[in-house]
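Structure first, commentary second.
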Amino acid sequence: MLRPLIVIRRTPKIDFMKWHKLGFAFSALLTLSSIVLFLTVGLNYGIDFVGGTQIEVRATPGPANLAEMRQKLDALHIGDVSLQGFGPSSDVLIRLSRQPGGDAAQERAVQLARQALGPGLEYRRIEVVGPTVGGELIRAGVIATILALVAIAFYIAFRFEWQFGVGGMISTLHDVITTVGLFALFHLEFNLTTLAAILTVAGYSVNDTVVIYDRIRESMRKYRTMPFGELINLALNETLSRTILTVSTVALAVLSLLFLGGEVLRGFSIAMLWGVVIGTYSSLFIAAPVIYYVQPKRAAVARSTEGAKAPVSRAR
């Protein structure tokens, strides 16, 4: 007989609400710091957004001599050149800055680089992005992120009550802003893959939040006289085992991508790993405590729950 996997066999009695004001202060500091870093330091945009050329090569035989390769490319005087080893010692990622003169100039820079580097290299990937396409991708990425956040807020408000939508919107926005701040702080490359990771983080965060909100709503129906702070604590403790299992599973998968996925997935993996941590934190210390200050009416929650169950009882 199969037994369910249980991490916490007894419901703990952790007083999450005792620390929620400290959590609010810490989150406010993180959010403000992220905004300041974005406005002052800025993001290290990849060629997806600013244009340029990215070349992935493999030295045969390895290892690759980065110093010699950099010296050859610098002698071409084709602007900023960046070389970075990744994965095996034979793999190198070369980034060439955008060249004046359009696509023809970009292709010419690639040909000059190939001639300068000489034989003994396997060219595995070459990507050329123009500045016009990069600008359009930035606008499309910003619009996609805003629309995703608005859709999440509307979904939670429709699924529960509008008060829950406020909490979900605040916590998800917090996760997105702090992820952007992390990339600005460490000057990590921000590209389309990273943007996809941020949208994935938003989806993960709202999934965790919805589970907690559903338990809060269920507890509101069962314990109509329990103080609201205690009710939130009960819901958080009852879903803690599920939260630990989800975080552990996702973290293991993301760590595998980080260490084995190569340079292409590095930004995605870092964003996802941070998002798993900050998304879990925001669900416990932001999304749930916010409901304490914008409490939905228990009578309305009870009526909506009973109304939702009515068709099921009639079907029986």
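The values are calculated or read from the model by the stated rules, or taken from the named source; none is laboratory data. All figures in this text were calculated on a predicted structure; none of them were measured in a lab. Cβ coordinates were reconstructed from backbone atoms using ideal geometry, including for glycine residues, and neighbour counts include every protein chain displayed.
Within segment 107-132, the set of residues being at pLDDT 80 or above, part of a helix (DSSP H, G or I) and either surrounded by 13 or more Cβ atoms within 10 Å (Cβ to Cβ) or hydrophobic (A, V, I, L, M, F, W, C) (or both) comprises 107, 108, 109, 110, 112, 113, 114, 116, 117.
Among the residues of segment 13-67, write down those that are more than 19 Å from the chain's Cα centre (by Cα), crowded, with 16+ Cβ neighbours inside 10 Å and closer than 21 Å to residue 141 by Cα. The answer is 47, 50, 51, 52, 53, 54. The set of residues in segment 11-53 being under 30 Å from residue 123 (Cα atoms) and among the hydroxyl-bearing types (Ser, Thr, Tyr) consists of 45, 53.
Among the residues of segment 199-217, is any among the hydroxyl-bearing types (Ser, Thr, Tyr), in the same structural domain as residue 237 (by TED's automatic domain parsing) and outside any helix (DSSP H, G or I)? Show your work before the answer.
Pass one, segment 199-217, residues among the hydroxyl-bearing types (Ser, Thr, Tyr): 200, 204-205, 209, 213.
Applying the additional criterion that residues be in the same structural domain as residue 237 (by TED's automatic domain parsing) yields 200, 204-205, 209, 213.
Filter again for outside any helix (DSSP H, G or I), leaving none.
No - not one qualifying residue is present in segment 199-217.
On the given criteria, is residue 142 touching a residue at least 60 places away in the same chain (Cβ under 8 Å), out of contact with any His (no Cβ under 9 Å at 6 or more places or on another chain), among the β-branched types (Val, Ile, Thr) and part of a helix (DSSP H, G or I)? I'd like the intermediate steps shown before the answer.
Numbers: touching a residue at least 60 places away in the same chain (Cβ under 8 Å): no; out of contact with any His (no Cβ under 9 Å at 6 or more places or on another chain): yes; among the β-branched types (Val, Ile, Thr): yes; part of a helix (DSSP H, G or I): yes.
In short, no.
Looking only at residues of segment 89-131 that are in contact with a Lys or Arg (Cβ under 9 Å, 6 or more places away or on another chain) and among the polar types (S, T, N, Q), we find that the one that is farthest from residue 57 (Cα to Cα) is 99.
With respect to the conditions (1) surrounded by 17 or more Cβ atoms within 10 Å (Cβ to Cβ); (2) out of contact with any Lys or Arg (no Cβ under 9 Å at 6 or more places or on another chain); (3) closer than 30 Å to residue 181 by Cβ, residue 73 falls short on a single one, namely (3).
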